[in-house]
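These notes concern the structure reproduced below.
The values are calculated or read from the model by the stated rules, or taken from the named source; none is laboratory data. No experiment lies behind these values; they were computed from the predicted model shown. As a convention, Cβ positions derive from the backbone with ideal geometry for all residues, glycine included, and neighbour counts pool all protein chains shown. Keep in mind that these areas ignore ligands, DNA and RNA; they rest on the heavy atoms of the full protein, side chains included. Shrake-Rupley method; radii C 1.70, N 1.55, O 1.52, S 1.80 Å.
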Amino acid sequence: MSLAALPKSIVERLADLEEDEVLALVRRRLADGDDALRIIEDCNAGMRQVGQRYEQGQYFLSGLIMAGEIFREVMELMQPVLEGRAVKRASGRVLLGTVQGDIHDIGKDMVGLLLTCYGFTVIDLGVDVAPEVFVEQVALHKPDVVGLSGVLTASHAVMRETVGLLRARARDAGLTFPIVIGGGMIDDQICRFVGADYWVADAMSGVHLCQRLTAGTA
C-alpha cells in the first residue's frame, strides 16, 4: 500500500476540518477501547496544525471557528468517558477565565474538564472577564493556581494588565499563587511580556503543570 493510500488520522482529518470523519474516528477509537487522553492529544495536534495554517494564511477566521466547533463536539463525546475516570480525592483549587475582550472558550473549557477529572476544584469565570473580576474572585476563592486564557493577539495586553493587578492586590492581601497563561499564540516571549509565571500550549500540559505546582515540584 502506498503512503498516499493510507487512511488519514484524526490529526490529519481535524487539520483538514473534516467534521464527520473526525467524529466517526473518535467514536471508533472509543469503541475499540483506546485511551481517551491519547485521543485528546491527537486532537490537540490537529488543532495546532489548524493554528499554523491560520498563521500562514491558508485558513481564515472561519476555519478557526469551524475547528473549534469540531473540537467542542469531540469533547462532548469524550466527557462521559473522562468523568467516569475522574479522581475523587482533592488535588487543589484552580481559578480559570478568558480575559476581557476575548470570548474563546474551547481551550479553557477543556482544561477545566480535565482538571476536574484529575481531582481539582475548578472555579470557571467564563469569557470576557475583566481584570477587576479576576481580582475579586481570587480574593474570594483563594485558589492555588490562577489560569488566564486568550486566543486573540489583542488579549496579550489585557493579560498583562490582569497579571499586574493580580500581583498588586495579592501583595496587599498577603496572597501567593502562580499565574499560568494559555492560548493559541502563547510562547516564552509572550509569557515574559505578560509577566506570568508559566505558559502552556495545550490542555494536558496545563493539567500536568497544575499537578506539579500544587505538589510543590514545578
Taking region 188-218, which residues are at negative phi, modelled with pLDDT of 95 or more and part of a loop (DSSP other than H, G, I, E, B)?
A196, D197
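Please specify each residue of region 49-88 satisfying the condition of being hydroxyl-bearing (S, T, Y) and either part of a helix (DSSP H, G or I) or open to solvent by 50 Å² or more (accessible area, probe 1.4 Å) (or both).
Y54, S62
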Matching entry among H141, H156 (being of a type outside the set (G, A, S) and under 26 Å from R53 (Cα atoms))
H156
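Going by the structure shown, is A173 hydrophobic (A, V, I, L, M, F, W, C), under 29 Å from Q56 (Cα atoms) and open to solvent by 60 Å² or more (accessible area, probe 1.4 Å)?
So A173 fails the test.
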Among the residues of region 107-150, which ones are in contact (Cβ under 8 Å) with a residue 60 or more places away in the chain, open to solvent by 40 Å² or more (accessible area, probe 1.4 Å) and not in a helix (DSSP H, G or I)?
Y118, D144
Run T176 past the list (1) under 17 Å from V99 (Cβ atoms); (2) not in a strand (DSSP E or B) and report the number of the one that doesn't hold.
(1)
Of the conditions (1) modelled with pLDDT of 95 or more; (2) open to solvent by 30 Å² or more (accessible area, probe 1.4 Å), M185 fails just one. Which one is it?
(1)
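Per-residue answers, yes or no, for (1) of a type in the set (G, A, S); (2) more than 22 Å from L14 (Cβ to Cβ); (3) modelled with pLDDT under 85:
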position: M66; (1), (2), (3): no, no, no
position: V74; (1), (2), (3): no, no, no
position: G97; (1), (2), (3): yes, yes, no
position: E132; (1), (2), (3): no, yes, no
position: V146; (1), (2), (3): no, yes, no
position: H156; (1), (2), (3): no, yes, no
position: T162; (1), (2), (3): no, yes, no
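Every residue in region 8-28 that is within 18 Å of E83 (Cβ to Cβ) and buried (at least 17 other Cβ atoms within 10 Å of the Cβ), please. Reasoning before the result, please.
Filtering region 8-28 down to residues within 18 Å of E83 (Cβ to Cβ) leaves 26-27.
Across region 8-28, the qualifying residue is only V26.
Return the residues of region 188-218 that are of a type in the set (F, W, Y) and either open to solvent by less than 30 Å² (accessible area, probe 1.4 Å) or within 17 Å of the chain's Cα centre (by Cα) (or both); say none if nothing qualifies. Walk me through how you get there before you give the answer.
Going residue by residue through region 188-218, those that are of a type in the set (F, W, Y) are 193, 198-199.
Result: Y198, W199.
Being open to solvent by 70 Å² or more (accessible area, probe 1.4 Å) and farther than 16 Å from L82 by Cα is the filter here; which residues of region 33-48 pass it? First the steps, then the outcome.
In the first step, residues of region 33-48 are kept if they are open to solvent by 70 Å² or more (accessible area, probe 1.4 Å); the result is 38, 41, 48.
Result: R48, single match.
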